[in-house]
Amino acid sequence: MTVAIIQTGCANIFSVQTALDRLNADHILAAMPVDAAGADRLILPGVGSAHPAMANLQAAGWDAALAAEDRPLLGICLGMQLLFESSQEGDTGCLGLLPGEVVAMTPFVGGRLPHMGWNQLRHETDNDPLLSGIEEGEHVYFVHSYAVPVTSLTIASSEHDMRFSAMVRRGNVMGCQFHPERSGKAGGRILKNFLEIGA
């Protein structure tokens with residue numbers, strides 16, 4: 001089992017590598033699609049802003065490659081947001097692998113942006129293998145100011161004034177708005193589940 005970590009130029013890749021090491025998963029860094037040719041699945045991490053991340057993906061040819069991809073793909077944080085059609089952040093066109101728009105979260109009394117820290121997961125489905133072993137109310141670690149509203153693709157949600165998609169899935173395309181690599185035991189289990197889907 002080999003995981004290709006897609007390099008967007010806007011990601012903390014070391015923490016993802018460390019999390020995969022803890023799971024004894026082989027991994028490679030993939031700056032371009034050809035670099036991931038031997039991988040069994042892909043992770044698209046992301047920290048930062050949508051526009052520069054998308055520019056880097058397009059320059060490397062990842063937009064076209066991912067549109068034709070059938071291996072399991074997991075987007076993390078900004079990487080999850082880039083799976084959708086567009087983002088209000090910089091009015092950015094994204095990969096379009098999932099339908100919908102990423103929207104700006106709004107400040108509220110008693111809350112702050114970015115939404116940063118531990119928050120609970122609420123299951124939106126009972127039978128997705130990505131949620132295997134994850135209890136209702138499990139805490140995971142978020143850092144974001146933009147979010148995907150809850151849709152039919154949402155398998156877990158969370159709330160920071162607005163209710164938003166914490167985890168999404170359609171077929172081989174999956175996403176976590178939070179950082180599973182920084183979310184302790186629960187995050188490790190979700191990454192393990194991803195490694196086992198379709199294996």
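How would you rank 160-166, 174-180, 15-21, highest first, on the average number of other Cβ atoms within 10 Å across their residues?
174-180, 160-166, 15-21
With an 8 Å cut-off on Cα pairs and a minimum separation of 6 or more residues, tell me the relative contact order of the range 87-185 in percent.
Relative contact order of the range 87-185: 26 percent.
Please compute the net charge surrounding T154, taking Lys and Arg as +1 and Asp and Glu as -1 over other residues with Cβ under 13 Å from its Cβ.
Result for the local shell: +1.
What FRET efficiency comes out for L113 versus E85 if R0 is 22 angstrom and r is the Cβ-Cβ distance? Round to the nearest 0.05.
Result of the calculation: an efficiency of 0.45.
Which value in nm describes the separation of the simple spin-label points at D70 and K192, placed 7 Å from the Cα toward the beta carbon?
Between D70 and K192, the simple spin-label model gives 3.0 nm.
Counting Lys +1, Arg +1, Asp -1, Glu -1, what net charge surrounds I6 among other residues with beta carbon under 13 Å of its beta carbon?
It works out to a net charge of -1.
With the contact rule set at Cα under 8 Å and sequence spacing of 6 or more, what percent relative contact order holds for the range 2-196?
Averaging sequence separation for qualifying contacts and normalising by length gives 19 percent for the range 2-196.
Between H51 and T106, what length comes free when the chain is fully extended (0.36 nm per residue of separation minus the Cα-Cα distance, one decimal in nm)?
17.8 nm
How large is the helix-only mean residue ellipticity at 222 nm for the chain, computed as the sum of -39500 (n - 2.57) over DSSP H runs with n ≥ 4, divided by its residue count, in deg cm²/dmol to the nearest 500?
Rounded to the nearest 500, it is -6000 deg cm²/dmol.
In nm, what is the difference between 0.36 nm times the number of residues separating S152 and N24 and their Cα-Cα distance?
Residue separation times 0.36 nm, minus the Cα-Cα distance, leaves 42.8 nm.
Sort out for me the Cα centre separation of the range 168-199 from the range 1-37, rounded to whole Å.
The range 168-199 and the range 1-37 have Cα centres separated by 14 Å.
Every read-out reported here was derived from the displayed coordinates using simple, explicitly stated rules and does not represent laboratory data. Computed from a prediction, not measured in an experiment: that's the story for all the values here. FYI the Cβ positions are ideal-geometry reconstructions off the backbone, even for glycines, and counts take in every protein chain you see.
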